[in-house]
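Here the structure is laid out as structure tokens; the discussion comes afterwards.
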């Protein structure tokens, strides 16, 4: 299967995005939405005379390097031979290319949706039989209703994600590939877009470096004119207002307002890492605030939101950072308290990168336990030097996965206090333990299945001698320290579930870091493009799982137990 990858184009290029008069379908949902009109809908999925004339004039005047169009469900013959756009391009001598979801990927996406649809319909058939007199207990009936609702919501989410997030990324990649292959600077592309995908594809293209202009034809009814048709089967004349197609071009270079990221950092100096990453994912400007206290956040949030008005607020995003997890969470509380409808927008919290780092680390540990056949409730996990943000967040996630988690520190009181913070913040119980030498390290690790080293850079937490005593059986050890010496002796930073000691499989800091960067980019992109929601530790972990699953490693979540 072709891999979906987006990489900015290192050349000057312009895209004229022409909005089509209809949506080019990818999914066969017309039979569900319009059960009596599936064939009739095909009649309106073709360019009008006015649109064809406009496209002819546009290609004559601009002479683009190539044209791209969504292929949808059309066959090669329908796209290249029966497509009016293809005939115009052929007459003009301009190449036409499809830009859409790869066929194999589409079959994969449709298969997942059809599986959910089949399960939902099976439950609905059982409920229908109940209406015809089949006996079901009240508990069984309520369970089936709840399960059908769950399946329907999952189906809607699967279709939405495939139709918008996934499809728009594939469309953008198709345009990028053709522009990259053009052996010249100053590439000019004309892309024909479904109305529903204009905004999403435009944002992705801009984030890839394209200079984009959106053009649209307008239609309007003429109330002073009437069009009369012969009598219909209903026995009366069909009278409709006159209708005028006006080839008027409306060009929009950018969104009404620039996308801004307000970065609230509790440290004296705002993190350049997060600022750089924010620009990389397409924010027009990043406004950093350093040394932010909870009492400062209220005024910053209100000034930022009210200045843009109810319609412009979605172009503002807040990122909360800093080394202290507790201070960052307190600022998040203040930010959320000072948002109310319609002044609500997206908020990302990632104190010192801890949430995205721990999400990536635990997702890779979870994947490793599954590969090694270690998955199961009650396995012991130890987070060494875990009183920092990454250690605490990792301990919370491991606890939610069913591990018995021990969090260590050189000082017992500090370990217990961190465990209490985890319980108060995430409702997860972990044990705090004092570990201040290699003998205590061995004792706490001897029956552990998972070990996370989350200490300071350049500090070795597990010596080679201790590792030698721990050899045998299956263990996973992960390290977030890439600065020599590493936190785990002999574990190279780029190891990715490599058996570096007999029975000990290591995940190095660079392997974690690669996924962490992808998670943070994905979260910031979603926050910028959606303009709503809180992107916290749970969101980061879901995103890390999704990114691993997209690489062909399906993540199976534990089923939810419901009692009626």
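The values are calculated or read from the model by the stated rules, or taken from the named source; none is laboratory data. Quick caveat, the model's predicted, so the values are computed rather than measured. Here the Cβ is made from the backbone with ideal geometry for all residues, glycine too, and neighbour counts use every protein chain on show.
Table for the structure above
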quantity	calculated
Residues of the stretch 365-383 that turn out to be in contact with a helix residue (DSSP H, G or I) (Cβ under 7 Å, 6 or more places away or on another chain) and farther than 20 Å from residue 430 by Cβ, as a count	1
Residue 183 vs. criteria in a loop (DSSP other than H, G, I, E, B) and free of Cβ contacts under 8 Å to residues at least 40 places away in the same chain	yes
Any helices (runs of 4 or more DSSP H) falling wholly within the stretch 266-331 and containing at least 2 residues that are closer than 25 Å to residue 522 by Cβ	272-280, 294-306
Neighbours by Cβ (under 6 Å, 6+ apart or cross-chain): first from the stretch 535-564, crowded, with 17+ Cβ neighbours inside 10 Å; second modelled with pLDDT under 60	545/555
Residue list for the stretch 60-80, restricted to those being in contact with a helix residue (DSSP H, G or I) (Cβ under 6 Å, 6 or more places away or on another chain) and farther than 30 Å from residue 105 by Cβ	none
Check on residue 443, touching a strand residue (DSSP E or B) at 6+ places or on another chain (Cβ under 9 Å) and without any contact (Cβ under 8 Å) to a residue 24 or more places away in the chain	no
Residue in the stretch 409-422 that is in contact with a helix residue (DSSP H, G or I) (Cβ under 6 Å, 6 or more places away or on another chain) and closer than 24 Å to residue 370 by Cβ present	no
